[in-house]
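A short worksheet on the structure shown next.
The values are calculated or read from the model by the stated rules, or taken from the named source; none is laboratory data. Source: prediction; values computed, not measured. Reconstructed Cβ throughout: ideal geometry from the backbone, glycine too, with neighbour counts over all protein chains shown. These accessible areas exclude ligands, DNA and RNA; they are computed on the full protein's heavy atoms, side chains included. Shrake-Rupley method; radii C 1.70, N 1.55, O 1.52, S 1.80 Å.
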Amino acid sequence: MDDPLKLQIDEWQGTIAHSIEQHPVPYLVKVRGLDYVMFPETFNPNYAKASLILLDNLGVRPGDTVLDPFTGSGADAIFAVLAGAARAVAIDKFTMPVLCAKYNAHRLGLGDRIDVRQGDALAALGPDEQFDLVVANPPFRPMNPESTVQAMMRDSAHATLRNFFAGVGRHLKPDGRMRIVFSNAGNLEYFHHLAGECGFASSTVAQTRFASDVIMEVYELTRTSRPTSPPAPAVVDVETDRLAQR
């Protein structure tokens, strides 16, 4: 990663972290025109173009069952149901985001259609649970997080991303699809490498930018084949953010 891009990403993610940390108590916001109560230590989608571009491009079809495995505030799951999904499962590994998602689902009258769980993404699912649509906003940057807030944006050596791709196929219906936002704040080459290795083809649905060089894209992923072997171990160097040679 070149220095100008790194500086822009540092600024972008530093601003997001500061904005989250300045709220010690719940506060009311508008998320795409909807009144929403945001909790402390919870990722506010208004602070990040990547979150908003996914929210605007969820790709929901009427009657879909939806999985949101990195839910944060719960907004993607809630907006999916408001857009016509039959139900959604929303998962986050941190307590405050889980409470935020549960509270807003309840106050919006959607508590019976949104199942909010605490856990490490796919590990919170039963072995036979399958969905029509997976919407995912995973942490982008292959760095070691130093706080809960940083863990929303950093993924050491892309371990979270690797585990997600390795397991998501078994929770996606045969004709299911995914909408995932990812950025060149992370290793895009590795993202596409993992998707292909795990039997998925991707196409770009939408794109936005921060500053001049930080790009965020929403991809639609569909199954092309069932992988014949598990994905390879981590091949992203956490220091250089480069795809290593096998």
- Item | Relative contact order (percent, whole number), segment 36-102, Cα cutoff 8 Å, 6+ residue spacing | 37
- Note on the structure: Computed on Cα atoms, the radius of gyration and Dmax of the chain in angstrom are 17.0, 51
- If you place +1 on the Cβ of every Lys and Arg and -1 on the Cβ of every Asp and Glu, how big does the dipole about the Cα centre of the chain come out, in debye to the nearest 20? 620
- Task: With the cut-off at 27 Å, report for segment 1-138 the share of all Cα pairs above it, as a whole percent.
- Result: 19
- Stretched fully, the stretch from ARG107 through HIS192 gains (0.36 nm per residue minus C-alpha distance, one decimal, in nm) 26.8 nm
- Restricting the count to DSSP beta bridges whose residues both fall in the chain, what percent are antiparallel, rounded to a multiple of 5? 60
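Could you tell me what percent of the accessible area of segment 182-225 is made up of carbon and sulfur, with a 1.4 Å probe and every protein chain present? Let's see the in-between values first.
Working: 760 of 1640 Å².
Using a 1.4 Å probe with all protein chains present, segment 182-225 comes out at 46 percent carbon and sulfur.
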- So which lysines pass the test for LYS102, namely a Cα distance under 21 Å, with those fewer than 8 places away in the same chain ruled out? LYS30, LYS93
- Message: Quick check: pseudo-label points 7 Å beyond the Cα along Cα→Cβ at GLU146 and THR15, how many nm apart are they?
- Response: 2.1
- Please give the calculated 222 nm ellipticity per residue for the chain, where each DSSP H segment of at least 4 residues contributes -39500 (n - 2.57) and the sum is spread over every residue; nearest 500 deg cm²/dmol? -8500 deg cm²/dmol
- Query: Mean projection of the alpha-carbon convex hull of segment 66-115 over all orientations, in nm²?
  - Reply: 2.7
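Based only on Cα atoms, what Rg/Rh ratio does segment 40-87 have, Rh being taken as Kirkwood's radius?
0.98
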- Message: On the principal axes of its Cα set, how long, how wide and how thick is segment 87-230? Give whole Å, largest value first.
- Response: 40, 37, 26
